[in-house]
Every structure is written in C-alpha cells, then in structure tokens.
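The values are calculated or read from the model by the stated rules, or taken from the named source; none is laboratory data. Please read these numbers as outputs of a predicted model, since none were measured by experiment. Positions of Cβ are generated from backbone atoms using ideal geometry, with glycine treated the same way; all protein chains shown enter the neighbour counts. For accessibility, only protein heavy atoms count, side chains too; no ligands or nucleic acids. Shrake-Rupley method; radii C 1.70, N 1.55, O 1.52, S 1.80 Å.
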Amino acid sequence: MDKEAIVASGALQGSTTVPGDKSISHRAVMLGAIAKGKTTVKGFLDGEDCKQTIRCFQKMGVSIYHGQESVTIEGCGLDGLKEPSEVLDVGNSGTTIRLMLGIMAGNPHFSVVSGDESIAKRPMARVTNPLMQMGARLWGRENGNRTPIAVNGDTKLTAIDYRSPVASGQVKSALLLAGLQAEGKTTVQEPYRSRDHTERMLSAFGVDVDVYENGVAITGGQTLSGQNVEIPGDISSAAFLLTAAATVKDSHLRVNNVGVNPTRTGVIDALLAMGADVSLQEERIVNGEPVADIVVKERPLHGAVISGALIPRLIDELPVLAVVATQAKGETVIKDAVELKYKETNRIDTTVNQLKQLGANIRATEDGMVITGPTPLTGGEVNSFQDHRIGMAFTIAGLIADGETVIHGAKASDISYPGFYEKLKSLSQS
Ligand code: S3P
C-alpha cells in the first residue's frame, strides 16, 4: 500500500543535504539538448518529473546518458531535434510541458504533448495563447488550454512584447525559449518577478538575455554552447526540513548546499517574518546561482502576512507554511496566491480541508487562506491526491500532531524528493 504512518518523533538534529533543484534540473536538460556540444550536469534531481524531461528529449533524438554521478547530454542544437514518432509524455510535470511547448513551437516538426490526469486539468492557455500570438500553430482541447496539445512548428515565429497577467517562471521561460527561435526581440513583463533560472542558465550557455525590473528580453537566432552545470540542493525540498525544524521542539538543523537564488528564498523571509531563527552561512555563487548552508533552530513563532511580491518567491512552499502557521501565535494571512489553485491539485482546497480535519483553525479565501494559531493538531488520515508537495506538507503536520497521521499516496514525494521519508527518519534519530 502506498501510504506512510507518521508520528511525532522528537527534535530534528544534525547536518544534511537535499536532492538537486527541480527547476534547474529541467532547464539543464533542455538547454543542454538545444545547445551545440556536450553538457555535463552534476547534482541532477533524480525525481520522476525531471526523468520525464530526459525521456521527452530522448524521443526527439537527443542522446542523454543518466549515470549515478552525472547526466551527460550530447546537444544537437535547436535545428538538430528530430520529429518525435510518439506522443511526448510529460507525466505529472507542468514545467516539462510548458517549457517544452516553447521549444516545440518554433521547431519545424509535428509533435503531440500530453501528461497524466493532473496535467489534463491544468491551464495551458497561459503559454499557448502568447505562443499563438507569435505565430505558432497549436491545437488542444478548449482552444489549446488543455492537453493533449499538438504542435506544428512549420511557421517562423515573430517576436512579441508580452505582458503576462501572472508571475510565472514557466510562462516566462516558454516565451524566452520560443523567442530564441523568433525573428526579432521578444520581451516578457510580469506583475512580479518570477524565478529566473532560465535567464541565468541561458547566459551561462552563451546567450545574451537583457534583464530589467520585472521584465526580460531576448533576440532570436542566438546559439547555445554546451556547458558543465552543477546544481545546488532544492530550496523547495529543503523547505520541508526547515519548516519542521522551525516548529518541532528543540530542533537544530543545518541543510548544506542549498540554492538561495533570491527569486526562490521567500520561504526564509516568511519564516523570519514569523519570528523563526534562520540564518544563511557560507554564501557563495556556483554556476551563476547563489548557494548557501541554511541553519534553523526551533523557537516560538507568531503569525505574519504573506502576500504580493513574496508569493512567486515561495509559491510551492505555501502548503507547508500553512502547516507552520497552525503553530504560530496569532493570525497568518496568505493572500494574492490564487495561483495555488492551478498547481498539481487546487492547493488552497487540499491544504485547508485537510488541515481542518487535523484540528487547525484555518479558512480558505478567494486567493489564499487565513490561519489562527497556535492550535494542537491531532493525527488522522490525509491524502496527497498525488500532489508531492501536499503529501510532504502533511507529513510535517504529522510530526507536529498528537498520535498517528497516515499519508495516503505518500509515494508522490518521488516526484521532487526521492528519499524524503528515510531522510526525515534519520534526522529525527540523530
Ligand atoms: C516552476 C515555476 C513555478 C513552480 C513550479 C516550477 C519552474 O510554477 O510552481 O513548481 O520551474 O519554472 P509557475 O511558473 O506556474 O509559477
């Protein structure tokens, strides 16, 4: 049976690491594939989503070797991708499908892209609409909003100036990758700055990208050259350990070698705003990405407002921050986070409904949630609904709760954090 039983097992202690960054791992495979020459990737996340990206590019004729220590990609250039003879299956991965659509839109082949049940419910119009404005020929259910999506890349794309209604790393990245193949200069502006790994990695691969406040621009026709990439630990995975250590009595934990790109460190800012004892040590730059060791010590927390520009910087960490908020004194308000509804599950519903079942004082709002604490949680039966971050957030709730919490669908954690349950056990016993 795919379930885990969690009981409070005492303070989290010691020093550890987390698997490689998911966003950067996807991009390393994609940019490696469309670059000329060899790319070697160390620290690649061996999770289901990133493996799906590898499989898709292998189906387009790219030679990719996934070894124990590294992934090697024999880049064939943007013009060297082959027409896939099968459907490109992205599994559960929104990043794979949205970024790949940007590549496929300008590549002179016919391809069909699809994924699992969750992908079939997620909005694709945010990417397909602007791509169609660039001249891309795309078809899908609901006028290109739902998978499966067919792409015929037989027309030359034209650059656009696009004002994205959402702050989304996936939308921005898809348009940058299409812009690379378009005539002219493509610009993307967003309401708030989203994660900028694509811009950073494109620069490392030799492409000129102009970055300005809340916007980026790229000129078509540039070529990428293969690189050696070293990927830091994923702050979105570290977040589960950091939040557990911030709330479980007497914890003192150090997570080494974590990516601390400022577009991703909202979880640290939110914990600090709640009064947590968190610090960054040994800050350094690796391959154009900021990296540090993060140290957390448990101490009493209080409520905070999490909103605005902070939201895209911690969007994936909001379910587990809601768990933390149940233990903080006073009110925590999460707002401007309507994007939570469009993730692997509707994360406002899956977080609020299940935290209520465990005894939290929490209510959903139109664009977030309000939590009043501290409330003791009581163990119960919860479900990941095959959403990795929901399963892991409720595992942290299980560490705080009295009694046993059973997580159904716990294996979903393999999407982004293989070995999550073993890691938690080892930290609680050290
Ligand atoms: C991602 C961007 C975010 C994030 C997702 C990964 C990326 O999604 O939630 O897990 O790698 O670009 P949006 O682009 O939809 O905000």
### Task
Output ³J(HN,Hα) for segment 341-350: one whole-Hz value per residue in order, computed from phi by the Karplus curve 6.51 cos²θ - 1.76 cosθ + 1.60 with θ = phi - 60°, and x for Gly and Pro.
6, 10, 8, 4, 10, 6, 6, 6, 5, 5
## Note on the structure
Under the Karplus relation with 6.51, -1.76 and 1.60 and θ = phi - 60°, whole-Hz ³J(HN,Hα) for segment 374-384, x at Gly and Pro, equal x, 10, x, 9, 10, x, x, 9, 10, 10, 7
### Query
If you keep only loop residues by DSSP, which GluC sites (Glu not before Pro) in segment 49-158 have at most 10 other Cβ atoms within 10 Å of their Cβ?
69, 86
#### Entry: Per DSSP, loop trypsin sites (Lys or Arg not before Pro) in segment 178-283 with at most 14 further Cβ within 10 Å
249
### Task
Name the long-range amide H neighbours of residue 406: under 5 Å, sequence gap of 5 or more, or other chain; modelled H, no Pro or chain starts.
6, 380, 381, 382
### Message
If you average the C-alpha positions of segment 221-294 and of segment 149-165 separately, how far apart do those two centres end up, in angstrom?
### Response
34 Å
### Viscosity 1.002 mPa s, temperature 20 °C, Stokes-Einstein D of the chain from Kirkwood C-alpha radius, µm²/s
99 µm²/s
### Query
Rounded to the nearest whole Å², what accessible area per residue is found for the chain with the 1.4 Å probe?
37 Å²
### Query
Using modelled amide H (1.01 Å from N, peptide plane; none on Pro or chain starts), what sits under 5 Å from the amide H of residue 63, excluding residues fewer than 5 places away?
74
### Pairs beyond 21 Å (Cα-Cα), from 51/411; 42/185; 335/423
42/185; 335/423
### Task
Would you mind giving the average projected area, over all directions, of the Cα convex hull of segment 204-359 in nm² with one decimal?
10.9 nm²
### Task
List, in order, the whole-Hz ³J(HN,Hα) value for each residue of segment 280-288 obtained from phi through the Karplus relation with A = 6.51, B = -1.76, C = 1.60 and θ = phi - 60°; use x for Gly and Pro.
9, 10, 6, 5, 8, 10, 10, 6, x
### Task
Round to the nearest 10 and give me the degree value, 0 to 90, for the angle of helix 22-34's Cα axis relative to the longest principal axis of the chain.
10 degrees
#### Entry: Calculated Rg and Dmax of segment 22-217 using C-alpha coordinates, Å
15.2, 43
### Query
Ignoring ligands, DNA and RNA, what percent of the 1.4 Å accessible area of the chain is carbon and sulfur?
48 percent
### Distance in nm between pseudo-label sites at residue 353 and residue 141 (7 Å out along the Cβ direction from Cα)
2.0 nm
## Note on the structure
Check: C-alpha center segment 317-377 vs C-alpha center segment 20-39, spacing in Å is 34 Å
### Query
Could you give the nm distance between label points at residue 338 and residue 36, where each point is 7 Å from its Cα heading toward the beta carbon?
4.5 nm
### Query
Tell me, what are the semi-axes, in whole angstrom and largest first, of the equivalent ellipsoid of segment 80-149 as set by the roots of 5 times the Cα gyration tensor eigenvalues?
17, 15, 10
### Query
So what is the 222 nm mean residue ellipticity for the chain from helices alone, if each DSSP H run of at least 4 adds -39500 (n - 2.57) and you divide by all residues, rounding to the nearest 500 deg cm²/dmol?
-9500 deg cm²/dmol
### Query
Mind checking the angle between helix 420-429 and the chain's longest principal axis? C-alpha axes, 0 to 90 degrees, to the nearest 10.
30 degrees
### Query
With a sphere of radius 13 Å drawn around the Cβ of residue 106, what net charge do the other residues whose Cβ falls strictly inside it have (Lys, Arg +1; Asp, Glu -1)?
-1
#### Entry: Residues with amide H under 5 Å from that of residue 286, placed H, sequence gap 5 or more
291
